[in-house]
Amino acid sequence: KIMRIGLPYSVDDLAGIAIEALRRSGYREDAYLRPVAFKSSEIIGVRLHDLEDSFTVFAVPFGTYIDIDRGISCGVSSWRRTDDNAIPARGKITGSYVNAALAKTEANEAGFDEAIVLNADGHVSEGSAENLFMVRDGVLVTPPGTDNILEGIVRQSLMRIAEDEGIPVAIRQIDRTELYIADEVFLCGTGAQISAVVSIDHRSVGDGQIGPVTTRIKDVYFRAVRGDEERYRAWVTPVYTR
């Protein structure tokens, strides 16, 4: 709706196309599926209206995007997250990944594994391409959609898991310095999965180890996405019948 993309496919059609792409690829391992809707008119000009729409999807074998076992180091980026009135973060828009790429490269070249990006008013937004959660005093906290985050499916799923596990969840703004005194921090996303953050700006998060809340949610999540958690069986779709 944001980008005025009109495709002759229903949601069920798109899901079927995605499954068929995986089946034809024949992967029997973790894979990343990337669907892309795009403007395909072969013209020069800057607009979104009166253009042809097209769709493609591809799958690739996918290992670890960022480390999910040992914990990672993060640095707060000097680059701010693109504002909703510039490129809406609610849309997974290819062009906005330039912003993410600048933050990621800056972080890596400074010796960090990943970046944490603030929004224009200085509140925590997310990682370079992951949603962020913080644990303080037993409460799982994540920034609201109004802080220029992608409202990710994994983020939503983890909040559901936390609630089902009896872990209190709060959606609110997070100050940068709260990250320095948090008990736990982790990043999540389709590619990142769940990755514990053990240091931020060279400061240890908690005791510098993967925390118990992160571990608990991570264990349930991985059982869920592999079809081994009955409560969340509706979240997964078999690719192969046998």
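The values are calculated or read from the model by the stated rules, or taken from the named source; none is laboratory data. Small disclaimer: the values here were computed from a predicted structure and weren't measured. Positions of Cβ are generated from backbone atoms using ideal geometry, with glycine treated the same way; all protein chains shown enter the neighbour counts. Ligands, DNA and RNA are stripped out before the accessible areas are found, and what is left, the full protein with its side chains, is counted by its heavy atoms. Shrake-Rupley method; radii C 1.70, N 1.55, O 1.52, S 1.80 Å.
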> In the range 202-222, which residues are out of contact with any helix residue (DSSP H, G or I) (no Cβ under 8 Å at 6 or more places or on another chain) and among the basic types (Lys, Arg)?
Replying inline: Arg216, Lys218
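Mind checking which residues of the range 187-201 are outside any strand (DSSP E or B) and under 20 Å from Val60 (Cα atoms)? Break it down stepwise before answering.
We begin by selecting, within the range 187-201, every residue outside any strand (DSSP E or B); these are 190-192, 201.
Selection gives Thr190, Gly191, Ala192.
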> Which condition number in (1) over 24 Å from Lys92 (Cβ atoms); (2) part of a helix (DSSP H, G or I); (3) not basic (Lys, Arg) is the one that Gly227 fails?
Replying inline: (2)
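Just to verify a result, which residue in the range 111-155, among those that are among the acidic types (Asp, Glu) and crowded, with 20+ Cβ neighbours inside 10 Å, is nearest to Ala101 (Cα to Cα)?
Kept after step one, since they are among the acidic types (Asp, Glu), are these residues of the range 111-155: 113-114, 121, 126, 130, 137, 147, 151.
Then drop every residue that is not crowded, with 20+ Cβ neighbours inside 10 Å, which leaves 113-114, 126, 130, 147.
Values: Asp113: 13, Glu114: 11, Glu126: 13, Glu130: 12, Asp147: 19 Å.
The extreme case among them is Glu114.
When the range 223-242 is examined, which residues are found to be open to solvent by less than 50 Å² (accessible area, probe 1.4 Å) and out of contact with any helix residue (DSSP H, G or I) (no Cβ under 6 Å at 6 or more places or on another chain)? Please lay out each step first, then the result.
Of the residues in the range 223-242, the ones open to solvent by less than 50 Å² (accessible area, probe 1.4 Å) are 224, 227, 229, 232, 236, 239.
Within the range 223-242, Gly227, Val236 qualify.
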>> Take the residues in the range 77-100 that are in a helix (DSSP H, G or I) and among the aliphatic types (A, V, I, L, M); name whichever of them is least open to solvent (accessible area, probe 1.4 Å).
In response: Ala100
>> Give all pairs with beta carbons closer than 7 Å in which a residue from the range 46-68 that is of a type in the set (Asp, Glu) meets a residue that is modelled with pLDDT under 90; count only pairs at least 6 apart in sequence or on separate chains.
In response: Asp53/Ile5; Asp53/Gly6; Asp53/Leu7
> Any idea which of (1) outside any helix (DSSP H, G or I); (2) of a type outside the set (S, T, N, Q); (3) touching a strand residue (DSSP E or B) at 6+ places or on another chain (Cβ under 7 Å) is the one Tyr180 doesn't satisfy?
Replying inline: (1)
> Counting just the residues of the range 156-172 that are closer than 14 Å to Val220 by Cα and assigned to a loop (DSSP other than H, G, I, E, B), which one comes out least open to solvent (accessible area, probe 1.4 Å)?
Replying inline: Ile167
>> I need every pair where a residue in the range 98-127 that is of a type outside the set (Gly, Ala, Ser) has its Cβ under 6 Å from the Cβ of a residue that is assigned to a strand (DSSP E or B) and open to solvent by 20 Å² or more (accessible area, probe 1.4 Å), sequence separation at least 6 or different chains.
In response: Phe112/Ser73; Asp113/Ser73; Ile116/Val76
> Under 9 Å by Cβ, and 6 or more places apart or on different chains, what pairs join a residue from the range 72-93 that is under 15 Å from Glu106 (Cβ atoms) with one that is aromatic (Phe, Trp, Tyr)?
Replying inline: Ser73/Phe112; Cys74/Phe112; Gly75/Phe112
> For Asp219, are the conditions met, namely being farther than 26 Å from Ala21 by Cα and surrounded by fewer than 18 Cβ atoms within 10 Å (Cβ to Cβ)?
Replying inline: yes
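Go through the range 28-54 and give me each residue that's under 23 Å from the mean Cα position of the chain (by Cα) and either among the aromatic types (Phe, Trp, Tyr) or open to solvent by 60 Å² or more (accessible area, probe 1.4 Å) (or both). Before the answer, list the steps.
Here is the first cut: in the range 28-54, the residues under 23 Å from the mean Cα position of the chain (by Cα) are 29-38.
Passing the criteria: Glu29, Asp30, Tyr32, Arg34, Pro35, Phe38.
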